[in-house]
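Enquirer: Supplied in structure tokens, the structure appears directly below.
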DNA sequence: GAAAGTTGCGGTACCGTTTCCACGATAGCT
DNA sequence: AGCTATCGTGGAAACGGTACCGCAACTTTC
């Protein structure tokens, strides 16, 4: 089956340690010996056993990613980006879906931490300090910040300001906001952005309250929005916006003629709605890339100072926003 | 940091082998000794090092999943289902996104196979025999069949028949079909189902040709569909259907009044389109569950006979299909 | 030409766990 | 009482690598 380093050593007429050195490009080996070893390894189709290597080096060559829900395209995107960057770095990645359950998040940390060199926590729902206490490896956060930890976040409040400015420029003066789960960290960021935007532009913001961050959440919020004097609505994320669009269409409200809708995230389906959704673009693939890089740095040197990267956001204007009609 | 089995042994006043036996419920240990060991392990927060255990047992406790594209909600769903079932079985899962690239699929097999006890290949794009040649562990296929391998597929052709029968019952006699990539295995299944359906119902099927299995593919196909005499259209999958809906809406065609649209997969966004999409439901979470179970069986006994499970499909009728208008 | 440094390689000791074997003690049998 | 099972336990080997040390041969230096 799998040939071992000793098989290669025998075939090449050298010792096991020499094979190890020759193949890992470490230590000094004569060119002639090295090529003989490489030839033998090739012939036997030898691949170092990662488990055995991991035992002695303490490195697994793996990264772990914990997300609240893979079905949310936002997290799927992060997973994809992380995967791709990890592959480029020669790492494999464990993915754990915590099903929006803080308990499962902790469980995932515990079961993964021994098998990976580093952990990426994406939008964790639970207490970060608690999670980190159970992690035996470096940790990087995505879409959440925590003192003393490296993190990659997006400038959500800046994006919010841009969105509101754009709506204001179109002529909207009263804007509804559909909030998500109250505990959400990014939710806090958005509300802060809204306060800033109100100060900067003078628009009036109507908080419609907390809804689930899902299609149904948006669906439910639509009726409240229509009952309000707002001419535009900012949704917690694109999925919520999608629910809004749907309910609005069902009620015969035209978008953007009667109501303008703006989402957050710019996930794939934001382009697929009708009309295509104006949305605040949050970088995901690049966030994932950065997260891998931060992690790799922390693995190489555990004492490296944590870094809090904030990625720029921008507004993607599509067809769901326009000049408000008189109501 | 992490305490070892010897630390526990010392703390409990026994040997390392006794600790191993006590904790793994294997072999004979007196009740008194066991509880002393367990107490010591608890106190030291001892967790067996999975790497070391893996080295000696040859088991990693991990599963590998290779999908073409995590952004496709279909595959994200499979990943989620697999993950959840694996967790319930005490396994962790590696996820590899091959980016629709056969070369990356092979690479993923090679880099994962030594770190897992079993591999799940979901809709592989490449030659399955070639992939399996490089796998050192049991393999289960999802959404593809291959002689000698366990697989979990959905009865796509049966679902197709149901879809066509439904359209026929509504009064459609000419149906367009938007095909996906020519090489696709499921594509073949759908075409076969179409042939069956034509025989059974006598409808006429117009093949609009091969398109990318994406939103853009559907977008592009819409114009061809409108130029044909068909009153209903079957799309390669829900995403393609979504593209169709969009282009139809943009051209002022009403769904389902002017044209009926049917998708495949029943992914989440099928509920979120306007109008909500009638679609052939393909089980994913249960496919993933079955795949884990088949794999676990194959891991326990490598000589177990391969099983080809075919899961039932059904038509989910939503608002995108209706009685055809005279054109 | 001898001392010192460099290079290439083999031997050995681990990494942390499980598994196999041996051994003493206790129990059950004739 | 002696002989054989059975049970509980400790010791040692093994899994497949890498790291460290030491040694021989060769090169450099004054």
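Enquirer: Please compute, over every Cα-Cα pair in the range A:213-256, the percentage with a separation greater than 14 angstrom.
Expert: Counting pairs separated by more than 14 Å, the tail of P(r) holds 37 percent.
Enquirer: Where does helix A:215-227 land angle-wise versus the long Cα axis of chain A, in degrees 0 to 90, nearest 10?
Expert: Approximately 20 degrees, to the nearest ten.
Enquirer: Would you please classify the overall shape of the range B:82-149 from the alpha carbon gyration tensor, given that a ≥ b ≥ c denote the square roots of the eigenvalues, rounded means a/c under 1.5, and beyond that prolate means a/b larger than b/c while oblate covers the rest?
Expert: Values: a/c = 1.56, a/b = 1.44, b/c = 1.09.
Prolate shape, in that a/c is at least 1.5 and a/b is the bigger ratio.
Enquirer: Relative contact order of chain A: what whole-number percent is it, with Cα pairs under 8 angstrom and at least 6 residues apart?
Expert: Once divided by the residue count of chain A, the mean separation gives 16 percent.
Enquirer: Right, another one. What is the order of B:75, A:215, fewest Cβ neighbours within 10 Å to most?
Expert: Sorted ascending by nearby Cβ count, the order is A:215, B:75.
Enquirer: Hey, what number do you get for chain A at 222 nm if only DSSP H runs of n ≥ 4 count, each worth -39500 (n - 2.57), divided across all residues, to the nearest 500?
Expert: -14000 deg cm²/dmol
Enquirer: Same structure again: Give me Rg over Rh for the range B:245-293, both radii from the alpha carbons and Rh done the Kirkwood way, two decimal places.
Expert: 1.17
Enquirer: Treat the range A:5-48 as a sphere of radius equal to its Kirkwood radius over Cα pairs and apply Stokes-Einstein at 37 °C in a medium of 0.692 mPa s; give the translational diffusion coefficient in µm²/s, rounded to a whole number.
Expert: 335 µm²/s
Enquirer: I've got another one for you. So for the range B:259-300, averaging the separation of alpha carbon pairs under 8 Å that are six or more residues apart and normalising by length, what relative contact order in percent results?
Expert: 34 percent
Enquirer: Please give the length that would be gained between residue A:224 and residue A:169 if that part of the chain were fully extended, namely 0.36 nm times their separation in residues minus their C-alpha to C-alpha distance (nm, one decimal).
Expert: 17.4 nm
Enquirer: Which one, B:26, B:284, B:36, has the greatest fluctuation when you compute a Gaussian network model over chain B with C-alpha springs under 10 angstrom?
Expert: It is B:26.
Enquirer: How big is the range A:260-327 by the Kirkwood estimate over distinct Cα pairs, in Å? Mind dumping the intermediate values first?
Expert: Numbers: mean 1/r = 0.0694 Å⁻¹.
Radius from the Kirkwood sum: 14.4 Å.
Enquirer: How many Cβ atoms of partner chains, on average, are near each residue of A:92-100 if near means within 10 Å of its Cβ?
Expert: Across the residues of A:92-100, the mean count of other-chain Cβ atoms within 10 Å is 6.
Enquirer: What's the exposure ranking of B:151, B:3, going from fewest to most Cβ atoms within 10 Å?
Expert: On the way: B:151 24, B:3 16.
Exposure proxy ranking, most exposed first: B:3, B:151.
Enquirer: Let me check the size of the range A:1-151 from its C-alpha atoms; what are the radius of gyration and Dmax in Å?
Expert: Gyration radius and largest Cα-Cα distance of the range A:1-151: 19.8, 57 Å.
Enquirer: Based on the alpha-carbon set only, what is the convex hull volume of the range A:188-229 divided per residue, in Å³?
Expert: Values: hull volume 3.1 nm³, N = 42.
Convex hull of Cα atoms, per residue: 73 Å³.
Enquirer: I've got another one for you. So for the range B:1-134, averaging the separation of alpha carbon pairs under 8 Å that are six or more residues apart and normalising by length, what relative contact order in percent results?
Expert: Relative CO of the range B:1-134 lands at 23 percent.
Enquirer: With everything on Cα atoms, drop me the angle between helix A:285-300 and the longest principal axis of chain A, reported from 0 to 90° to the nearest 10.
Expert: Roughly 40 degrees between the two axes.
Enquirer: Still on this structure, please answer the following. Among A:256-264, B:313-321, how do they line up from the highest to the lowest mean number of other beta-carbon atoms within 10 Å?
Expert: The packing order, highest mean first, is A:256-264, B:313-321.
Enquirer: Could you work out, residue by residue across B:48-57, how many beta carbons of other chains sit within 10 Å of that residue's beta carbon, and then give the average as an integer?
Expert: 5
Enquirer: Also, I was wondering about something else. In whole Å, what is the distance between the alpha-carbon centres of the range B:113-181 and the range A:189-235?
Expert: Centre-to-centre distance over Cα atoms comes out at 43 Å.
Enquirer: When the convex hull of the Cα atoms of chain A is projected onto a plane and the area is averaged over all directions, what value comes out in nm²?
Expert: With the hull built on Cα positions only, its mean projection is 20.0 nm².
Enquirer: Rounded, prolate or oblate: which one fits the range B:156-282, using the alpha carbon gyration tensor with axes a ≥ b ≥ c (rounded when a/c is under 1.5, else prolate when a/b beats b/c, else oblate)?
Expert: rounded
Enquirer: If eta is 0.890 mPa s and T is 25 °C, what Stokes-Einstein diffusion coefficient results for the range A:212-327, Kirkwood Rh from Cα pairs, in µm²/s?
Expert: 157 µm²/s
Enquirer: For the range B:87-246, what ratio Rg/Rh do Cα atoms give with a Kirkwood hydrodynamic radius?
Expert: Result for the range B:87-246 is an Rg/Rh of 1.06.
Enquirer: Quantify how much of the Cα-Cα distance distribution of the protein assembly as shown extends past 43 Å, in percent.
Expert: 32 percent
Enquirer: Once the Cα atoms of helix A:185-201 and of chain A are each reduced to a long axis, what angle between those two axes, in degrees from 0 to 90 to the nearest 10, is obtained?
Expert: Helix A:185-201 sits roughly 40 degrees off the main axis of chain A.
Enquirer: Averaged across the residues of A:267-277, what count of C-beta atoms belonging to other chains lies within 10 Å of each residue's C-beta?
Expert: 5
Enquirer: Using a label position 7 Å from Cα in the Cα→Cβ direction, what is the ascending list of nm distances from residue A:45 to the same site in the other copies?
Expert: Once sorted, the set of distances for residue A:45 reads 4.4 nm.
Enquirer: Using the number of other C-beta atoms within 10 angstrom as an exposure proxy, rank B:130, A:32 with the fewest first.
Expert: Lowest count first: A:32, B:130.
Enquirer: Could you give the alpha-carbon Rg of the range A:120-215 over 2.2 N^0.38 Å, rounded to two decimals?
Expert: Numbers: Rg = 16.0 Å, N = 96, 2.2 N^0.38 = 12.5 Å.
Compactness ratio reported: 1.29.
Every read-out reported here was derived from the displayed coordinates using simple, explicitly stated rules and does not represent laboratory data. Predicted model only: the values in this text are computed from it and were never measured. Cβ sites come from the backbone with ideal geometry, for glycine too, and all protein chains shown count toward neighbours.
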